[in-house]
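Asker: Let me begin by handing over the structure; questions about it come next.
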């Protein structure tokens, strides 16, 4: 059983699972964890994500393919109600996978409030399909080709050479996963978009180990409904 499998099976809130993953990852690979922490510190110093949409802003429109190649548009989701929009670094990111599993478990409650849920990541469709099948996700995972939408959202960041080298040694080749050699990823972020297209709630954090709590999503949806 992998570390991800072990932690994902625990009956704990998302934030506690993420914290446990961070602790166990550091214990298993201190050098790798230190390199990741240096990236986080660099992004925090650069105020990464500060230009991302805030509450009250209008979310930029998107037209992105899902795992089957179908183009999905933001208006399609908002025509039915509010949209929970989660930006994830990729299928290779254990923190992202934990978040996606927690969101999937919350999907019934999101739909009960008239909402929809999507994940947006730079991985190609072959990767998003595999991820959806493996995690049994019941919501669309959209491909942000070349991180174009993340760039428009002010979320695009570079992993840097140290982390890139570590990932390559671990067999995680973003060039193959994304279809380009940029080694860019979005800052993990979660948005609740109201039916009028405005941001009703947002969580943007340069530290990829922290994500929006499921309870915050519920509360934000309740305020809209």
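Here, each number is a calculation from the coordinates, and none is a lab measurement. These figures come from a predicted structure and were not determined experimentally. For neighbour counting, all protein chains shown are included, and Cβ atoms are generated from backbone atoms with ideal geometry for every residue, glycine included.
Asker: Round to the nearest 10 and give me the degree value, 0 to 90, for the angle of helix 94-112's Cα axis relative to the longest principal axis of the chain.
Answerer: Helix 94-112 sits roughly 10 degrees off the main axis of the chain.
Asker: Rank these for me by crowding, 196, 57, 11, going from fewest to most other beta carbons within 10 Å.
Answerer: Numbers: 196 9, 57 13, 11 6.
The fewest-first ordering by Cβ neighbours comes to 11, 196, 57.
Asker: Now for a separate question. Antiparallel as a % of all DSSP beta bridges within the range 3-224, to the nearest 5? List each step's numbers first, then the result.
Answerer: Details: 17 of 25 bridges.
Within the range 3-224, antiparallel bridges account for around 70 percent of the total.
Asker: So what is the calculated 222 nm ellipticity per residue for the chain, using -39500 (n - 2.57) for each DSSP H run with n of 4 or more, over all residues, to the nearest 500 deg cm²/dmol?
Answerer: Working: 10 runs with 102 residues, N = 225.
Result for the chain, helices only: -13500 deg cm²/dmol.
Asker: Answer with a single label: of (1) 46, 37, 36; (2) 59, 34, 30; (3) 48, 47, 33, which was calculated as Cα extents along the principal axes in Å from the structure in view?
Answerer: Computing Cα extents along the principal axes in Å and matching it to (1) 46, 37, 36; (2) 59, 34, 30; (3) 48, 47, 33 gives (1).
Asker: Still on this structure: In a GNM of the chain with a 10 Å cut-off on Cα contacts, which of 126, 163, 84 has the highest mean-square fluctuation?
Answerer: 126
Asker: Springs between alpha-carbon pairs under 10 angstrom, Gaussian network model over the chain: which of 188, 30, 65 fluctuates most?
Answerer: 30
Asker: Next question. Between Rg and the Kirkwood Rh of the range 22-135, both from Cα atoms, what is the Rg to Rh ratio? The partial results should precede the final answer.
Answerer: On the way: Rg = 16.5 Å, Rh = 16.4 Å.
My calculation of the ratio gives 1.01.
Asker: Compute the distance from the alpha-carbon center of the range 58-128 to that of the range 1-31, in whole Å.
Answerer: Centre-to-centre (Cα) distance: 23 Å.
Asker: For residue 215 and residue 130, compute 0.36 nm times the residue count separating them, minus their Cα-Cα distance, and round to one decimal in nm.
Answerer: On the way: separation 85, 0.36 × 85 = 30.60 nm, distance 2.82 nm.
That works out to 27.8 nm of additional length.
Asker: Now for a separate question. If you line up the long axis of helix 14-28 against the longest principal axis of the chain, both from Cα atoms, how many degrees apart are they, to the nearest 10?
Answerer: Orientation of helix 14-28: about 10 degrees from the principal axis.
Asker: On a 0 to 90 degree scale, rounded to 10, what angle separates helix 30-45 from the longest Cα axis of the chain?
Answerer: 50
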